[in-house]
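J.: Please read through the structure below; I'll follow up with questions.
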Amino acid sequence: MGPKLDFSVVFDALPALLWGCVGTFQLALSGMALALAIGIGGVLTRNSRRAPVRLATITFIEIIRNTPFLVQIFFLFFALPGLGVKLDPTQTAILALGLNGGAYAIEIIRGGVQSIPKGQTEAGLALGLHKGQVFRLIILTPALRAIFPALTGQFIMLTLTSSICSSVAAYELTSVAQRIESDTFRSFEVYFTITGMYLAMSWILMVGFAAIARRQFNYPTR
């Protein structure tokens, strides 16, 4: 006869788990904002005419994309203090998520930028727009419209990746679940519950991103 399931420990700990979801959202949204900023800025440096700037960006992308996220967050949390830079768990988690997501965002956004015909850029300059306006209005906005599904998919993956931030004691859902499991020894019940919570958070993000896409990136209709 197998062990009896007891979900009462989960119901008792439900407020803590819900606050863990809030912590996950805070880490993920902060990481997304940083990743988007790195992605847009990285596109400019990735296509820079200055070889050292371009090479530095490519090196950053390759290092991040070809090393595990766990190693990256351990480096930021345990190795940087040796260089005099000490971050708390939340700062480390946000920075690690932002750098990791940013490396992927650079390549995703760059693909969208490269899909914009050069004739549109030339037309914008001919109309008297300066380079910043051309990039923002004529290149970046249509590019984001084209790559928005891929970018949001990457950001949802970044939200799920935030569970690894529990390894440096950042406050989020998995770290809360680990504490509850260590107190109750109800591994199946706890991790079964947070699996459903991660699914729910992913669904909420998908719905939110879909609403943003309809509001910001739909072409106007007559």
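J.: Assess whether residue 208 counts as being under 17 Å from residue 27 (Cα atoms), out of contact with any Gly (no Cβ under 7 Å at 6 or more places or on another chain) and loosely packed, with under 14 Cβ neighbours inside 10 Å.
T.: Details: under 17 Å from residue 27 (Cα atoms): yes; out of contact with any Gly (no Cβ under 7 Å at 6 or more places or on another chain): yes; loosely packed, with under 14 Cβ neighbours inside 10 Å: yes.
Judged against the criteria, residue 208 is a match.
J.: Looking only at segment 141-165, which residues are farther than 18 Å from residue 199 by Cβ and of a type in the set (Ser, Thr, Tyr)?
T.: 141
J.: Still on this structure: Any chance you could count how many residues in segment 178-199 are surrounded by 12 or more Cβ atoms within 10 Å (Cβ to Cβ) and within 19 Å of the chain's Cα centre (by Cα)?
T.: 2
J.: Of everything in segment 35-60, what is surrounded by 19 or more Cβ atoms within 10 Å (Cβ to Cβ) and closer than 16 Å to residue 154 by Cβ? Give them in sequence order.
T.: 35, 38, 39, 40, 42, 43, listed by residue number.
J.: For residue 165, all conditions in the list (1) in contact (Cβ under 8 Å) with a residue 60 or more places away in the chain; (2) farther than 27 Å from residue 90 by Cα; (3) surrounded by 17 or more Cβ atoms within 10 Å (Cβ to Cβ) hold save one; what is the number of the exception?
T.: Only one criterion in (1) in contact (Cβ under 8 Å) with a residue 60 or more places away in the chain; (2) farther than 27 Å from residue 90 by Cα; (3) surrounded by 17 or more Cβ atoms within 10 Å (Cβ to Cβ) is unmet by residue 165, namely (2).
J.: Please indicate, with yes or no, whether at least one residue in segment 196-207 is at pLDDT below 95, touching a helix residue (DSSP H, G or I) at 6+ places or on another chain (Cβ under 7 Å) and of a type in the set (S, T, N, Q).
T.: Scanning segment 196-207, I find no residue that is at pLDDT below 95, touching a helix residue (DSSP H, G or I) at 6+ places or on another chain (Cβ under 7 Å) and of a type in the set (S, T, N, Q), so the answer is no.
J.: Is it the case that residue 67 is surrounded by fewer than 18 Cβ atoms within 10 Å (Cβ to Cβ) and either in contact with a Gly (Cβ under 6 Å, 6 or more places away or on another chain) or hydroxyl-bearing (Ser, Thr, Tyr) (or both)?
T.: Values: surrounded by fewer than 18 Cβ atoms within 10 Å (Cβ to Cβ): yes; either in contact with a Gly (Cβ under 6 Å, 6 or more places away or on another chain) or hydroxyl-bearing (Ser, Thr, Tyr) (or both): yes.
So residue 67 passes the test.
J.: Just to be sure, is residue 150 surrounded by fewer than 18 Cβ atoms within 10 Å (Cβ to Cβ), touching a helix residue (DSSP H, G or I) at 6+ places or on another chain (Cβ under 7 Å) and at pLDDT below 95? Lay out the reasoning, then the answer.
T.: Details: surrounded by fewer than 18 Cβ atoms within 10 Å (Cβ to Cβ): yes; touching a helix residue (DSSP H, G or I) at 6+ places or on another chain (Cβ under 7 Å): yes; at pLDDT below 95: yes.
When the stated conditions are applied, residue 150 passes them.
The values are calculated or read from the model by the stated rules, or taken from the named source; none is laboratory data. Computed from a predicted model, the values in this text were never measured in an experiment. Reconstructed Cβ throughout: ideal geometry from the backbone, glycine too, with neighbour counts over all protein chains shown.
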